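Inspection log for the structure reproduced underneath, given as C-alpha cells.
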Amino acid sequence: MSRLNVLLAGVGGQGLITLASVMAKAGVIEGTKVLVAETHGLSQRGGSVEVHVRFGRVESPLIPPGGAHVVVALEAIEALRSLKYMNHSTLVLVNRRVIRPNLPGVKAPSLEEILEELGKAGVKVLDIPATDLAIRAGSSLAANMVMLGALLATGALDGYISRGGVEKVLETMPPRWRRVNLEALRLGYGALRETEA
Amino acid sequence: MVLLGNEAIARGAIEAGIGWASAYPGTPSTEIVEALHRVAKQLGIHVEWSTNEKVAFEAAYAAAMAGVRSLTAMKHVGVNVAADPLMTSAYTGVEEGFVIVTADDPGMWSSQNEQDNRWYGLHAFIPVFEPYSPTEAKDLAREVFEFSSRMKHPAFLRTTTRVSHTRGPVTLSEPRKPLATGSFRKQPERWTIVPAHARVLRRRMLERWEKIGEEVERFPFNRVERHGTEVAVIASGIAYGHVIDALEELGVRDQVTVLKLATTVPAPRKLILDVLSSHKRVLVVEELEPIIEWEAKRIAYEERLDTEIHGKDYVPRVGELTLHRVASAIAEYLGLGGVPWRPVDHEPKVKPPPRPPTLCPGCPHRGLFYALRRAVNRAGVKPIYSGDIGCYSLAVLPPFRMQDTMIEMGGSVGLANGFAHVDREKIPVATIGDSTFFHAGIPGLINAVYNRSPMLVVVLDNRVTAMTGHQPHPGTGFYPTGEPAPVVSIENVARGVGIEYVETVDPFNLEETEKAVQGALDHIRRTGKPAVVVSKRACTLLVDAAARRKGVEAPLYTVDQDKCTGCGICYNAFSCPAISPINGGKAAIDPTLCTGCGVCVQVCPHDAIVLERPGDPEWEKLWF
Ligand SMILES: Cc1ncc(C[n+]2csc(CCOP(=O)(O)OP(=O)(O)O)c2C)c(N)n1
C-alpha cells in the first residue's frame with residue numbers, strides 16, 4: 001500500500017471535521033493508517049476551512065501543493081481556492097452550492113463560472129447536488145456524507161477504506177443522525193452512478 | 001482508536017495516573033482539558049477551568065508540591081501569563097510529576113504571534129519534550145510524567161497546532177490508578193524563596209539540570225535511523241514526520257541518516273555528537289527558531305569537529321513547516337532538483353473572493369458594535385477602539401473596523417489607560433469579552449479608577465468563552481458538566497472597585513444599548529472618570545444548539561420584497577451572514593441560517609423585515 005491524499009475544502013460549520021473523522025475511523029476498522037490535519041478556532045466562524053486527510057504509509061499530516069489525489073469541496077468557491085493542491089490527474093468532487101462570503105460588497109462567482117475554470121485547469125471534475133440530496137435525506141448538514149458516498153462510488157478510496165467500513169462507523173452515531181447519514185451516503189453513492197452514466 | 005493529538009495527550013496523562021488538571025482555554029491546547037473534564041467524575045480526579053493561565057499553573061504546581069501528579073495546559077502565549085511562577089518552579093522542583101503542556105502555534109493559525117516556547121525551557125531550566133504525532137503524543141505524555149516524577153522537577157510537553165489538531169491512530173494501555181489527594185510537607189527552605197533559600201536552590205537546580213542532561217541521552221523516544229556516513233538530518237517534533245515523508249517522496253530514504261529527537265531541551269549532547277562525528281554533512285530541520293541547530297554548532301565547536309552544519313539557511317524560520325517546505329529544503333540541500341509534485345499550471349480568471357471568519361448570524365456582538373458606533377457618532381466623540389482577543393476581535397474587519405488596537409488578552413483596558421491620558425482629543429473605548437475580563441481585565445479597571453482615566457469599558461458578556469469553543473467561566477453559572485456553579489457578577493466587580501457609571505444592556509435592543517453608551521460617554525466627559533457598559537446576551541450558537549436538542553423553534557424573519565429598496569444596510573452595514581442580496585440588490589433571509597434574533601428588524605429603515613413565524617414561548621427561556 002502506498003499513499004492517498006484527500007483534501008477536504010468548505011466553509012466553517014459544513015461538517016468537514018466530521019467527514020474527516022468518519023474517514024479516519026473507517027481506516028481503523030479496515031487497518032489503514034489515516035492522518036487528519038484540521039483547522040480549529042477561528043475557522044469555525046464561517047471562514048474557509050481545509051482539512052487534509054492522508055491514507056497509507058504517511059508520517060506527515062500535510063498534503064503538498066500539487067499533491068492531492070482527490071479534492072472534495074462542500075462549497076464551490078472553496079474548490080477554486082484549492083486549485084493549488086491539484087495536479088493534472090486530481091479528481092475533484094464539487095458540491096453544486098455557492099455560499100457568498102460575508103463581506104460587504106463582495107460578488108461571488110457563479111457555479112457555472114467556477115466549473116468552467118476548473119475545467120480549463122484540466123482536472124477531472126464531478127459536480128454533485130449534495131446539499132439537495134442531503135435535504136432529501138433529512139438535513140442539509142448531511143451534505144458531507146453525500147459527498148463521501150459519491151467519493152466511494154468513484155473507486156478513488158479502493159484499497160484504503162470501503163463503503164462497508166464507513167457504514168460501520170455511521171452505525172455508531174446517535175439514532176437520529178445514523179438514519180440521515182446512512183441515507184445521505186446512499187444517495188451520494190447513487191448520484192455518482194447517474195452522473196457517470 | 002482514532003484520537004486528536006490533544007485527546008491523546010489527555011489519555012497519556014490519565015494512563016500516568018494524574019489527580020489534577022487545571023487550565024485556561026486557548027487554541028490549540030483546549031481539547032486536552034476538555035477531554036479530561038469528560039472523565040473527571042468517573043476517575044475521581046480534579047479538573048478545572050481556571051480564570052487564567054497563571055492561576056491554572058499555580059494551582060497545578062501546588063498539587064505537585066503536595067504529591068499529586070498534575071497537568072496544566074495552555075497555548076504558547078498563555079505561558080507568558082504564567083511565566084512568573086514558572087521561572088521559579090524549577091528552583092523548588094516538585095514532589096510528584098508536574099507537566100506543563102505548551103501548545104505552540106507556528107503559522108499563527110489562531111494567535112497573535114508564533115513564539116517558540118522551547119526558549120522557556122532554556123530560560124527556566126525546565127526540560128522540553130516534543131511528540132511528532134498523535135500516536136506518539138499519548139505515549140510520550142505518559143513517559144514525561146514518569147520523568148518529572150523521577151527527577152522531582154517540572155517538565156514541558158510542547159506540541160504545535162499540527163500535532164494537537166491532527167487525528168491519528170492511538171493504542172491504549174492500562175492506566176495507573178489515579179491519586180487525587182496528597183499531603184503537603186512543610187519545608188520552608190524549599191518552598192519559600194527568600195533570597196537566602198533561593199541561592200541554595202539555584203545551585204541544586206543546576207545540579208538537577210546536569211542529571212536531566214544525562215537522562216535525556218537514554219530517553220527512549222530519541223532514535224537514530226542510520227543510512228551511510230555522508231548526510232544526516234536532525235529533526236525534532238513534527239519536523240520528523242515531514243522529514244521521513246520528504247525523504248521517501250524524494251527517493252533518498254535509504255541514503256540519509258535521521259536523528260529523531262523528542263527531547264529538545266536540554267538536547268542529548270552525546271547522541272548529537274555521535275551523529276555529527278559520523279557524518280560529513282548535517283541538516284537540522286526544526287520549526288521556528290534554530291535551537292537545536294545552535295546546540296549542534298556549539299557541540300561541534302567544543303569538540304573541534306569540521307562537520308558541515310546547516311539549518312535555517314535552508315529551512316524556513318517563519319511560519320509552520322509542511323511536507324512541501326521540508327521536501328523543498330532537503331531537495332535543495334542535496335541538489336536533487338526540486339520536489340516531485342506538479343500543481344496545475346492555470347491562473348484562473350475568476351478569483352475566489354476572500355472568506356475570512358465572521359461574526360455568526362445572531363451574534364450579540366454584532367448588535368453591540370452597531371449600536372456602539374451610532375452612539376459614539378451621535379455623541380460627537382472621537383473614539384480609539386482599544387480592542388481585545390475573542391470573537392469580538394472579528395470587528396476588526398469591514399464593515400465595523402472597530403478594533404484600532406489588539407495586542408493580548410486584557411490589553412484593551414490596559415492600553416486604554418494610556419490613551420486616556422496622552423490623547424486628550426479622543427476617548428478610548430475598550431471592548432473586552434466576559435472571559436477576558438475575568439482573565440486579565442480587572443487590574444486595568446482598578447487602575448482606571450485609581451488613576452482617573454477617562455475611558456469607556458464595554459464588556460461583551462456573551463456568558464461564555466466563545467472563541468475557544470464555549471468553555472464556562474466564573475460568570476457563566478455552570479460547570480462543563482452542566483452542574484450549577486457560583487456566579488461572579490461583572491457589574492458587581494465594576495461597582496466594587498469604584499466605577500460610578502455601570503449599565504447593563506441587551507445588545508438585541510439597539511435603542512437601549514445606544515442610550516446606555518451615550519450616558520456613559522456623558523459621564524466620562526462630565527466627571528473625567530471611567531465608565532462601564534455590560535452588553536449581556538448569551539452566545540447564539542449555544543442557544544441554537546439547545547433549541548435544536550430540545551426541539552424548540554426560534555422565530556423566523558423574512559423580507560417583504562415590496563418594501564425592500566435594496567439599500568443594503570442589513571447585508572452590508574449590519575452584515576448578517578443570513579441576509580444576502582438577490583435580484584437588483586434586494587435582501588433575502590436564508591431561513592436555514594436565521595437565528596431569530598430580530599435585530600435586523602431594528603436596522604431596516606424601510607420596515608421591510610417582518611416576522612414570518614413566531615418562535616416557541618420556550619425559546620426566550622433558553623437564553624441565560
Ligand atoms: C493568554 C491567552 N490565553 C488564551 C488565549 C486564547 N483565547 C483567545 S480569545 C479567548 C477568550 C475569549 O472569550 P471572551 O472574552 O469571553 O470573548 P468571546 O470569544 O466569548 O466573544 C481565549 C481564551 C489567548 N489568546 N491568550
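Modelled this way, with points 7 Å down the Cα-to-C-beta line, the labels at B:ALA485 and B:GLU618 are 2.6 nm from one another.
So for each of B:588-595, B:122-129, B:335-342 I average, over its residues, the number of other beta carbons within 10 Å; can you give me the resulting order with the highest mean first? Intermediate results must be reported in sequence, preceding the final value.
Values: B:588-595: 16.9, B:122-129: 21.6, B:335-342: 13.5.
Result, highest mean Cβ count within 10 Å first: B:122-129, B:588-595, B:335-342.
Taking all protein chains together, B:PHE145, B:PHE624, B:PHE438, B:PHE184 sort by accessible area into B:PHE184, B:PHE624, B:PHE438, B:PHE145, largest first [probe 1.4 Å]. Of the beta bridges in the range A:1-146, as assigned by DSSP with both residues counted there, near 50 percent are antiparallel. The distance from the alpha carbon centre of the range B:224-254 to that of the range B:1-78 is 34 Å, rounded to a whole number.
Computed with a 1.4 Å probe on the full set of protein chains, the accessible area for A:LEU80 sits at about 0 Å².
By its C-alpha gyration tensor, with a ≥ b ≥ c as the square roots of the eigenvalues, how is chain B shaped: rounded for a/c under 1.5, else prolate for a/b larger than b/c, else oblate? Present the calculation step by step, with values, prior to reporting the outcome.
Numbers: a/c = 2.01, a/b = 1.53, b/c = 1.31.
Judged from the Cα gyration tensor, chain B comes out prolate (a/c at least 1.5, a/b above b/c).
A simple spin-label model places the labels of B:ASN583 and B:MET87 6.8 nm from each other, with each point 7 Å out along Cα-to-Cβ. For the cross-link pairs B:LYS211/B:LYS297; A:LYS33/B:LYS550; B:LYS75/B:LYS280; B:LYS41/B:LYS211; B:LYS152/B:LYS177, the ones whose C-alpha atoms lie over 27 Å apart are A:LYS33/B:LYS550; B:LYS75/B:LYS280; B:LYS41/B:LYS211.
On the basis of the beta-carbon distance and an R0 of 45 Å, B:GLU174 and A:ARG136 show a calculated FRET efficiency of 0.45. Here's the list of lysines a cross-link from B:LYS349 could span, going by alpha-carbon distance under 22 Å and ignoring same-chain residues fewer than 8 apart: A:LYS84, A:LYS107, A:LYS120, A:LYS124.
Note on surface exposure: B:ILE18, B:ILE407 rank B:ILE407, B:ILE18 by accessible area, highest first, 1.4 Å probe. The overall shape of chain A is rounded: from the C-alpha gyration tensor, with semi-axes ordered a ≥ b ≥ c, the ratio a/c is less than 1.5. In the complete set of protein chains, residue-level accessible area for A:LEU103 is approximately 30 Å², probe 1.4 angstrom. Remark: mean inter-chain Cβ contacts per residue of B:244-251 equal 3, using a 10 Å Cβ-Cβ cutoff to other protein chain atoms.
Would you tell me the mean number of C-beta atoms belonging to other protein chains that fall within 10 Å of each C-beta in B:164-173, as a whole number? Please list the in-between numbers first.
Values: counts 2, 9, 10, 15, 12, 9, 1, 0, 0, 0.
Taking the mean over all residues of the peptide, I get 6.
Between the DSSP loop rule and a limit of at most 11 other Cβ atoms within 10 Å, which GluC sites (Glu not before Pro) in the range B:408-501 are left?
On the way: sites: B:GLU408, B:GLU425, B:GLU491, B:GLU500; in loops: B:GLU408, B:GLU425, B:GLU500.
Taking the range B:408-501 and a limit of 11 other Cβ atoms within 10 Å, the loop GluC sites (Glu not before Pro) found are B:GLU425.
If you rank B:GLU53, B:GLU114 by how much accessible surface each has, with a 1.4 Å probe, what is the order from largest down? The partial results should precede the final answer.
Details: B:GLU53 5, B:GLU114 30 Å².
Solvent-accessible surface, decreasing: B:GLU114, B:GLU53.
Shielding value for A:112-124 is 3, the average number of Cβ atoms from other chains within 10 Å of each residue's Cβ.
The modelled label-to-label distance between A:ARG57 and B:THR527, using points 7 Å beyond Cα along the C-beta direction, is 7.3 nm.
Per residue, the range B:218-310 exposes an accessible area of 37 Å² to a 1.4 Å probe, with every protein chain left in place.
Starting from the range B:156-265, pick out the trypsin sites (Lys or Arg not before Pro) whose DSSP state is loop and whose Cβ has at most 11 other Cβ atoms within 10 Å. The qualifying sites are B:ARG185, B:LYS186, B:ARG218. Once you order the gyration tensor axes a ≥ b ≥ c over the Cα atoms, which shape class does the range A:139-190 get: rounded for a/c under 1.5, otherwise prolate or oblate by comparing a/b with b/c? Oblate, because a/c is 1.5 or more while a/b does not exceed b/c.
Using helices alone, what [θ] at 222 nm do you get for the protein assembly as shown, with -39,500 (n - 2.57) per DSSP H run of 4 or more residues, divided over all residues and rounded to the nearest 500?
Working: 29 runs with 317 residues, N = 821.
About -11500 deg cm²/dmol.
Between chain B and chain A, roughly 5100 Å² of accessible surface gets buried, counting both sides and using a 1.4 Å probe. Taking the range A:1-26 and a reference point 7 angstrom along Cα→Cβ of A:SER89, the backbone N atoms nearer than 16 Å belong to A:1-6.
Each principal axis of the Cα cloud of the protein assembly as shown was taken in turn, and the coordinate range along them, longest first, works out to 82, 78, 50 Å. Relative to the current alpha-carbon distance between B:GLN112 and B:GLU207, full extension at 0.36 nm per residue lengthens the span by 30.5 nm. Spatially, the range A:1-41 and the range B:337-411 are offset by 29 Å when compared through their Cα centroids.
Beta bridges from DSSP with both residues in chain B: antiparallel share about 25 percent, rounded to the nearest 5. Beta bridges per DSSP, both residues in the range B:2-217: antiparallel share near 10 percent. Rolled with a 1.4 Å probe across the full set of protein chains, the surface gives B:HIS439 an accessible area near 10 Å². Full extension of the segment from B:GLN602 to B:ASP423, taken as 0.36 nm per residue of separation minus the current Cα-Cα distance, would add 61.0 nm.
The values are calculated or read from the model by the stated rules, or taken from the named source; none is laboratory data. The structure displayed is predicted, hence computed values, not measured ones. Counting neighbours? That spans all protein chains shown, and the Cβs are built from the backbone with ideal geometry, glycine included. Remember, those area values only see protein heavy atoms, side chains included, never the ligands or the DNA or RNA. Shrake-Rupley method; radii C 1.70, N 1.55, O 1.52, S 1.80 Å.
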